[in-house]
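Encoded as structure tokens, the structure appears first; notes follow it.
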Amino acid sequence: MKTSEKLTILADAAKYDASCSSSGSSRSNTAGGIGSAAMSGICHSWSADGRCISLLKILLSNDCIFDCAYCLSRRSNTLPRATFTAEEVADLTINFYLRNYIEGLFLSSAVYGSPDRTMADMVDVCRLLRKKHRFNGYIHLKVIPGSSPELVRQAGFLADRLSVNIELPSEQSLKMLAPQKTKRTIMVPMQQIGEEYSGFQRDRMKSRNVPCFCPAGQSTQMIVGASAESDLQILTLTENLYTRMQLKRVYYSAYMAVNTSPNLPALTSGPPLVREHRLYQADWLLRFYRFQAHEILSAAHPFLDDRLDPKVAWALRNFDLFPIDINRASYEELLRVPGIGVTSARRIIATRRLCAIREEDLKKIGLVVKRARHFITIGGKYLGDHTMSHQQLVGAMRSAEKPGSIKLLRETRQLRLF
Amino acid sequence: MTSSIYLHDGSFEGMLSAVAFAVKSGGSVHGIYDEKSYSVQLFDMVVTVPTDSLQAEKLFSYLKNLGEYAVQFTINGFLGEERAVGFHLYQMVQLCLRHGARALELYRDDSIRYLSQLSRRVNGEAHRLSGLIRFRELKEDIYYAPFESDCNVIGYLARHFSCRMGSRQWILHDVGRNISLHWDGSKVQSIEVDSAFTTYVLENGEVPDTHLGNTERYYQQLWQSFHATIANPDRENRKLQRQLMPKRYWRYLVEMRGN
């Protein structure tokens with residue numbers, strides 16, 4: 001089979017992986033080598049679905065021995081199968097990289113032979129790139145569940161980022177939809193990566209000759225909407241992954257119906273894009289806004305509101321904490337005001353060192369005044385409308401949502417009508 | 001006292017000299033412009049400031065002492081090629097003389113905000129183009145990338161690619177400004193690109209076939225098919241794609257050809 005045909009088959013099968021970031025690693029070029037990695041990551045193109053392309057995202061093979069219900073490449077589907085050789089992948093990566101099409105390689109694979117055999121082949125591709133071609137660009141390697149600790153360790157020394165897909169948010173769903181994968185085979189490598197990552201990072205503080213172990217950390221991905229878990233379960237799991245396993249990112253992937261199965265949503269159902277969007281917003285609250293999962297959702301309200309930003313929803317539920325004064329509030333308090341983000345909170349603090357903030361400065365500093373005004377006072381003056389009832393306030397906040405959120409909501413509504 | 005307009009020769013040093021001169025004059029300042037972008041208006045008090053390397057150097061070292069923001073605002077202000085930037089730099093220096101480096105974060109001030117936004121725009125475009133540049137392998141084993149940009153970011157790009165491409169030779173060509181830089185494996189140098197070649201590139205967004213290396217078309221096709229395949233049809237969102245990758249950059253993008 002020609003390389004071009006393989007590329008089409010194996011890129012097509014890789015498109016369900018949400019991650020494409022190339023950030024978190026700063027690697028410089030070596031003598032006689034090519035490539036470097038930028039801390040910020042670099043997007044190289046955007047595909048027709050609006051997602052960024054920064055890595056050559058492909059599977060090594062789609063010839064799978066597993067039979068996961070949600071997956072297009074599962075064993076029981078009839079479709080063209082292909083497997084790259086290590087040289088083919090290296091040649092594509094180097095030549096795309098030299099033309100600045102990509103920032104590096106994102107290699108995943110279906111499981112063929114055994115998890116260890118697949119993983120060993122993937123590690124070989126990385127070794128070929130790093131040692132023979134002296135490639136110093138970014139490599140994101142997917143870790144196959146159930147592969148041996150030694151292979152995971154080798155992978156960590158070659159790749160910038162490792163990820164083990166958690167696939168589904170609970171053990172029951174995993175049993176039902178991905179019978180060959182178990183919580184253990186997923187969590188064991190994840191834990192190993194987390195421990196080695198922190199261990200090597202600690203040692204590097206003492207000596208810079210200590211090798212890097214997956215310098216950009218690890219990430220994971222879970223499918224949303226294929227099984228019955230609540231947002232609360234998903235978010236609590238996410239929080240645990242961040243705090244206990246030192247994950248850098250958790251990706252959510254709205255379930256796209258590709259197979260029929262009695263345990264899955266119907267083929268005609270569209271991907272739950274709004275839910276995915278709200279989960280990402282909540283994820284941001286965990287990572288950058290110092291929120292905890294139990295503040296965002298509770299057993300009484302286990303799902304995120306479709307029509308409200310989770311931060312706004314939190315602020316409306318805890319309206320007794322507001323309004324706060326812009327000139328007195330701490331950084332943490334400012335971060336919790338809807339319409340104030342990390343940048344504008346920092347700017348407020350910086351400006352306040354020099355002079356008090358006036359009402360007319362708010363917009364200049366970069367606050368979204370139409371959202372923030374209901375929650376702040378300035379010099380004792382409340383900027384919202386005192387006469388508004390709670391109901392009216394909720395309505396006002398819904399219409400003050402970001403244009404992107406409103407558009408997404410409208411489009412999925414329309415879809416549901418047909 | 002009437003306020004004056006100061007003109008400089010359009011170079012970085014010239015701009016700094018004019019700002020330094022305006023600050024020293026102590027009078028009120030109406031504007032600081034590149035003399036090429038200025039046409040005399042009635043009642044304007046115009047002073048043409050000769051470029052003075054010493055003054056420019058002095059001002060720049062003062063800005064360096066203020067910290068990274070001041071340096072970025074100045075350099076990126078210059079590269080942003082906006083007409084009004086001189087006046088805002090003058091205002092920035094005045095503020096810093098009064099309040100010290102803290103003034104650089106005074107976002108309620110119009111000039112600081114202007115410079116910070118301009119600086120972000122320049123950095124943003126340099127970052128964006130470091131991804132959107134597309135090299136073509138030419139016959140002579142040189143990688144050549146044509147591009148057009150709003151701000152003058154070729155210097156930033158050259159720095160980025162010189163750390164990245166190792167011993168491989170490349171040429172970056174800002175087709176709009178007709179500036180090109182060549183990396184020979186150890187240093188960056190300014191070179192001239194043949195004018196007929198430039199015209200062809202400008203018109204077609206691609207290098208003439210006769211110049212392309214043997215495998216160039218092959219990898220371009222592979223990239224095009226990868227780009228088309230990796231999109232998820234269930235999630236198609238062309239508007240978002242255009243938002244993140246504006247059409248003005250499409251001309252030299254291999255994957256967007258024919259779109």
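The table below lists the values:
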| quantity | calculated |
| --- | --- |
| Accessible area (Å², per residue) of segment A:310-400, counting only protein heavy atoms and a probe of 1.4 Å | 47 Å² |
| Spin-label proximity, residue A:359 to segment A:323-345 - amide N less than 15 Å from point 7 Å beyond Cα toward beta carbon | A:326-327 |
| Rounded to 5, the percent of DSSP beta bridges in segment B:133-256 classed as antiparallel | 65 percent |
| In order through segment A:260-273: 3J(HN,Hα) via Karplus (6.51 cos²θ - 1.76 cosθ + 1.60), integer Hz, x for Gly, Pro | 9, 7, x, 8, 10, x, 5, 4, 7, 6, x, x, x, 5 |
| Heavy-atom accessible surface that B and A bury in contact, both chains counted, 1.4 Å, Å² to 100 | 5100 Å² |
| Amide hydrogen neighbours beyond the local backbone of residue B:179, cut-off 5 Å, H modeled | B:174 |
| Stokes-Einstein D for chain B, Kirkwood Rh over Cα pairs, 20 °C, 1.002 mPa s (µm²/s) | 103 µm²/s |
| Rounded tilt (10° steps) of A:149-158 against the dominant C-alpha axis of chain A | 70 degrees |
| Whole-Å semi-axes of segment B:133-256's equivalent ellipsoid (Cα gyration tensor) | 26, 17, 15 |
| Inter-centroid distance (Cα atoms) of segment B:148-211 relative to segment B:67-126, Å | 29 Å |
| Angle in degrees between helix A:3-14 and the longest Cα principal axis of chain A, rounded to the nearest 10 | 40 degrees |
| Cα gyration tensor of segment A:134-231 - equivalent ellipsoid semi-axes, whole Å, descending | 29, 13, 12 |
| Protein accessible area in chain B, 1.4 Å probe - carbon and sulfur % | 50 percent |
| For segment A:310-400, the spread of Cα positions along each principal axis, largest first, Å | 39, 24, 21 |
| Solution diffusion estimate, µm²/s, Stokes-Einstein, segment A:14-56, Kirkwood Rh from C-alpha pairs, 25 °C, viscosity 0.890 mPa s | 210 µm²/s |
| Cα centroid separation - segment A:147-166 against segment B:1-64, whole Å | 58 Å |
| Ratio Rg/Rh [Cα only; Rh per Kirkwood] for segment A:1-149 | 0.96 |
| Carbon/sulfur fraction of accessible area - segment A:3-217, other protein chains in place, 1.4 Å, % | 53 percent |
| Cα point-scatterer Debye curve for segment B:1-73, base-10 log of I(q)/I(0) at q = 0.21 Å⁻¹ | -0.89 |
| Equivalent ellipsoid semi-axes, chain A, via Cα gyration tensor eigenvalues times 5, rooted, Å | 41, 27, 20 |
| Shielding of A:9-17 by partner chains, average beta-carbon count, 10 Å | 3 |
| Kirkwood Rh in Å, taken over segment A:21-109 so that all alpha-carbon pairs contribute | 15.0 Å |
| For peptides A:306-314, A:137-145, sequence by mean Cβ density within 10 Å, most packed first | A:137-145, A:306-314 |
| Relative contact order (%) - criterion: Cα under 8 Å, at least six apart; region: segment B:4-125 | 27 percent |
| Accessible area per residue, Å², chain B with all protein chains present, probe 1.4 Å | 48 Å² |
| ³J(HN,Hα) computed for each position of segment B:2-12 - Karplus, 6.51 cos²θ - 1.76 cosθ + 1.60, integer Hz, glycine/proline x | 6, 8, 10, 10, 10, 10, 9, 7, x, 8, 4 |
| Estimated distance in nm for a label pair at residue A:202 and residue A:157, the labels positioned 7 Å out from Cα along Cα-to-Cβ | 2.1 nm |
| Averaged over A:246-256, number of beta-carbon atoms from partner chains that fall within 10 Å | 1 |
| Helix-only [θ]222 nm of the protein assembly as shown, DSSP H runs n ≥ 4, -39500 (n - 2.57) each, per residue, nearest 500 | -13000 deg cm²/dmol |
| Segment A:339-371-segment A:92-125 distance, computed between alpha-carbon centres (Å) | 46 Å |
| Over 23 Å between alpha carbons, listed pairs A:142/A:407; A:381/A:402; A:175/A:311; A:311/A:370; A:6/A:57; A:364/B:247 | A:142/A:407; A:381/A:402; A:175/A:311; A:364/B:247 |
| Cysteines without a disulfide-compatible neighbour (Cβ-Cβ under 4.7 Å), chain A | A:20, A:64, A:126, A:212, A:214, A:355 |
| Listed peptides A:36-45, B:3-12 by packing density, highest first (mean Cβ within 10 Å) | A:36-45, B:3-12 |
| Share of alpha-carbon pairs per 5 Å distance bin for segment B:4-125, given as whole % | 2, 12, 24, 25, 22, 11, 4, 1 |
| Ordering of B:117-124, B:93-100, A:249-256, A:85-92 by packing [mean C-beta count within 10 Å, highest first] | A:249-256, A:85-92, B:117-124, B:93-100 |
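The values are calculated or read from the model by the stated rules, or taken from the named source; none is laboratory data. None of these values were measured; they are calculated from a predicted model. Reconstructed Cβ throughout: ideal geometry from the backbone, glycine too, with neighbour counts over all protein chains shown. The accessibility values were calculated without ligands, DNA or RNA, using every heavy atom of the protein model including side chains. Shrake-Rupley method; radii C 1.70, N 1.55, O 1.52, S 1.80 Å.
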